[in-house]
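Asker: Have a look at the structure that comes next, please.
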């Protein structure tokens, strides 16, 4: 009833190529933006910001990045945690070296630094494929974390080996440090998510996105029809690492405030982001958001349910959390290997013909 | 011989011994990858689970004791009996076979013909599940495992090598852990057993047929599902052996599952599809990382073992993208 494409006539090229061609989708998108910008910042508190919204937004950026690499270009990477660490440490070094630089540009620049590192570690992808490449990216993960632990320059020779983000503000609103408010942090991350998702969407349907997908579907065939694998693969690595680096920088400076590399950017992070991409849906922008929401909300919901509602002791609840997360992941893969995005598409298909399916 | 030279030999020797343990884990990966094309990340957690079960059975712990106590308010923790090591091992093997059957019935059956990455993700899900389940079943405390394998330095070998150093050098003989020696012996006999099994038995032949070509194997009447149960059971058994060795070495605890990460570069180096590759790869990685740590740690700082294996494997791969012994990758359009 509501979800119809009949009666929508496109009269210009701009209308024909817009991101949301169906009116209902477009309104839903505006609705989400308006709620995100005008409603949530006024009701958000510390708990909701730290437990739900900030991790969701930041992981969504990381998932977008990994989706570009794995979902669109078909190169499986397990080095996400390491690249997030690069972003975090780049932002820390930039913040401490240039105290006057606006935090917005610090985050963007850390993204570029990560892109550089990512391209470097992407070089083997020209020779190595499939699982061999996935395992090879683990080299990046372990090497980078080791580097940040061992070389004092990265953490300014602090005694604890941790990095702590100094107070930085945009205008009069503090984004990082102890004086920051949840609403300011939230809006700052929201801005990045909005911009990066918009860029990702338009990159993936443009020329470069098509060349990625050609490489993903069959790289030799893509080469024959004139896609340059060097440019396609390395650009995917660079752009994906940019996203992941921005996510890492936000994760450190805005969300956590102080990190220690072995804990915060362990291989578990790489797996979690990969789960988001797979559960959300490979090669789908919406899927990155859905996957991030799922993986962030599920542990919170489980903890609330098991510990607060059923009154179980924390360690049993933690064990059950593992069991349930593992079980749900397998369940999802069996029921819908193409992820939440595919479920969403099926739902839309059903909605189109509802209530008269025949 | 100078003492430095002897120290280097000692480092290589210990590296090779450690490498054997890596190969043990890698072996489980290779078996499953060959037979079903699944990259089984849960191999490390399987080793942990097998070791936990072994300890639990041996000491007569009550499974799910913590949960039972929390729900019913009781205080059970141990049964009255303890099992001899050999009986506990046999029961653990049965548990691993049951595990293989369940994995096939509940997971693999539903994921036939999916893309490799989906299967890989499913095994990571399985790893999470097993981790929680193992801890819930047997408790998350660190357990000591003792199945009667001798441990500690070999005095005989120390005495044997002490005379090698030149006169007046400070050298007290080479240190070799007996456990490592036993692990090497067990690993070698395991590989021999697997080779004989796959060459000379009917199921072994079926296994090789499936590894060669799924379709062709199906068409001559080999049941893929039976083969999968078989191969998961065998790698469950390999996981038990690996878990036993590592558990005896460093205690049975969560970190045991991380040996999977140690085995991955071994696999890369040797090739995902080659059993000899897993062994040779393990030896190269084991000796290589110990040597690198020995020579480079004073210069660039210690704890290089975490990443050196990966970088070494990466360098090898740039020259041989399918690993040392892997099947040549033939691509068709």
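Each reported figure results from applying straightforward, stated rules to the coordinates on display, with no laboratory input. Since we're looking at a predicted model, the values are computed, not measured. Here the Cβ is made from the backbone with ideal geometry for all residues, glycine too, and neighbour counts use every protein chain on show.
Asker: Over the Cα atoms of the range A:33-133, Rg to Rh with Kirkwood Rh, two decimal places? Spell out each step's value before the answer.
Answerer: On the way: Rg = 16.8 Å, Rh = 15.8 Å.
Taking Rh as the inverse mean 1/r over Cα pairs, Rg/Rh reads 1.06.
Asker: Would you calculate, for chain A, the mean residue ellipticity at 222 nm contributed by helices, counting each DSSP H stretch of 4 or more residues as -39,500 (n - 2.57) and dividing by all residues, to the nearest 500?
Answerer: Values: 16 runs with 228 residues, N = 358.
That calculation yields -20500 deg cm²/dmol at 222 nm.
Asker: Oh, and also: Could you compute the FRET efficiency for residue B:5 and residue B:213, with r as their C-beta to C-beta distance and R0 at 56 Å, rounded to 0.05? Please list the in-between numbers first.
Answerer: Values: r = 50 Å, r/R0 = 0.90.
Efficiency, from the Cβ-Cβ distance: 0.65.
Asker: I would also like to ask the following. Take the Cβ-Cβ distance between residue B:155 and residue A:297 as r, set R0 to 45 Å, and report the resulting FRET efficiency rounded to the nearest 0.05.
Answerer: Working: r = 59 Å, r/R0 = 1.30.
Result of the calculation: an efficiency of 0.15.
Asker: A follow-up question, please. With label points built 7 Å along Cα→Cβ from the Cα atoms of residue A:231 and residue B:193, find their separation and express it in nm.
Answerer: 5.7
Asker: Follow-up. Placing one identical point scatterer on every Cα of the range B:60-216 and ignoring solvent, what is log10 I(q)/I(0) from the Debye formula at q = 0.11, 0.12, 0.13, 0.16 Å⁻¹?
Answerer: Those come out to -0.82, -0.92, -1.01, -1.20, one per q.
Asker: Based on alpha-carbon atoms only, what is the radius of gyration of chain A relative to the globular estimate 2.2 N^0.38 Å?
Answerer: Rg over 2.2 N^0.38 Å, computed on Cα atoms: 1.02.
Asker: For the range B:267-333 and the range A:304-321, write down the distance between their C-alpha centroids in whole Å.
Answerer: Here the answer is 42 Å between Cα centres.
Asker: Take the Cα radius of gyration of the range B:37-91 and divide it by 2.2 N^0.38 Å, with N its residue count; two decimals is plenty.
Answerer: Working: Rg = 14.4 Å, N = 55, 2.2 N^0.38 = 10.1 Å.
Output field value: 1.42.
Asker: With the alpha-carbon atoms as the only input, what is the per residue convex hull volume for chain B in Å³?
Answerer: Measuring per residue, one finds 173 Å³ for the Cα hull of chain B.
Asker: Sticking with this structure for a sec: Suppose the chain between residue A:25 and residue A:181 were pulled fully straight at 0.36 nm per residue; how much longer would it get relative to their current alpha carbon spacing?
Answerer: Extra length available between residue A:25 and residue A:181 comes to 52.9 nm.
Asker: Using 14 Å as the cut-off for backbone N distance, which residues of the range B:275-294 belong to the label zone defined by a point 7 Å from the Cα of residue B:320 along Cα→Cβ?
Answerer: It comes to B:275-285, nothing else.
Asker: How large is the translational diffusion coefficient of the range A:43-201 in µm² per second when you combine the Kirkwood radius over alpha carbon pairs with Stokes-Einstein at 20 °C and 1.002 mPa s?
Answerer: On the way: Rh = 17.0 Å.
The diffusion coefficient I find is 126 µm²/s.
Asker: So, one more: Between residue A:96 and residue A:116, what length comes free when the chain is fully extended (0.36 nm per residue of separation minus the Cα-Cα distance, one decimal in nm)?
Answerer: Working: separation 20, 0.36 × 20 = 7.20 nm, distance 2.07 nm.
Using 0.36 nm per residue and subtracting the Cα-Cα distance, I get 5.1 nm.
Asker: Using the alpha carbon gyration tensor of the range A:233-358, what are the three equivalent-ellipsoid semi-axes (square root of 5 times each eigenvalue), largest first, in whole Å?
Answerer: Numbers: eigenvalues 164, 123, 32 Å².
They are 29, 25, 13 Å, listed from largest to smallest.
Asker: Mind giving me the nanometre distance, one decimal, between the label points for residue A:205 and residue B:81, set 7 Å out from Cα along Cα→Cβ?
Answerer: Label-label distance for residue A:205 and residue B:81, simple model: 6.8 nm.
Asker: Moving on. Calculate, in nm to one decimal, what residue A:127 and residue A:305 gain on full extension: separation in residues at 0.36 nm each, minus their alpha carbon distance.
Answerer: On the way: separation 178, 0.36 × 178 = 64.08 nm, distance 4.78 nm.
In short, 59.3 nm is gained.
Asker: As a footprinting exposure proxy, order A:356, A:24 by other Cβ within 10 Å, with the fewest listed first. Spell out each step's value before the answer.
Answerer: Numbers: A:356 6, A:24 15.
Ranking A:356, A:24 by Cβ neighbours within 10 Å, fewest first, gives A:356, A:24.
Asker: Oh, and also: Give me the distance in nm between label points sitting 7 Å out from Cα along the Cα-to-Cβ direction at residue A:32 and residue B:144, one decimal.
Answerer: About 5.7 nm separates the two model spin labels.
Asker: Taking the Cα centroid of the range B:33-52 and of the range A:194-232, what is the distance between the two, rounded to the nearest whole Å?
Answerer: Each part's Cα centre sits 35 Å from the other's.
Asker: With N denoting the number of residues in the protein assembly as shown, provide Rg(C-alpha) divided by 2.2 N^0.38 Å, to two decimal places.
Answerer: Details: Rg = 26.9 Å, N = 691, 2.2 N^0.38 = 26.4 Å.
For the protein assembly as shown, the normalised Cα radius of gyration is 1.02.
Asker: For a quick check: sort B:273, B:74, A:114 by the number of other beta carbons within 10 angstrom, fewest at the front.
Answerer: Listing B:273, B:74, A:114 from fewest to most nearby Cβ atoms yields B:74, B:273, A:114.
Asker: On to the next question. Test of understanding: ordering A:80, A:96 by Cβ neighbours within 10 Å, fewest first, what list do you get? Each step should come with its number before you reach the end.
Answerer: On the way: A:80 32, A:96 14.
With the fewest neighbours first, A:80, A:96 line up as A:96, A:80.
Asker: Continuing with the same structure: Where does chain B land at 222 nm, in deg cm²/dmol rounded to the nearest 500, when only DSSP H runs of n ≥ 4 count, each adding -39500 (n - 2.57), divided by all residues? Don't jump to the answer; show the numbers that get you there.
Answerer: Working: 13 runs with 232 residues, N = 333.
Per the formula, -23500 deg cm²/dmol.
Asker: Over chain B, calculate the relative contact order: mean separation of alpha carbon pairs under 8 Å at least 6 apart, over the residue count, as a percent. If you can, show how the numbers build up before the last one.
Answerer: Values: 496 pairs, mean separation 113.7, N = 333.
Over chain B, the number comes to 34 percent.
Asker: When only Cα pairs under 8 Å and 6 or more residues apart are kept, what is the percent relative contact order across chain A?
Answerer: Numbers: 526 pairs, mean separation 103.5, N = 358.
Worked out over chain A, it gives 29 percent.
Asker: Residue B:91 to residue A:313: FRET efficiency via 1/(1 + (r/R0)^6), r the Cβ-Cβ distance, R0 35 Å, to the nearest 0.05? Mind showing how you got there, number by number?
Answerer: Numbers: r = 29 Å, r/R0 = 0.84.
The value I calculate is 0.75.
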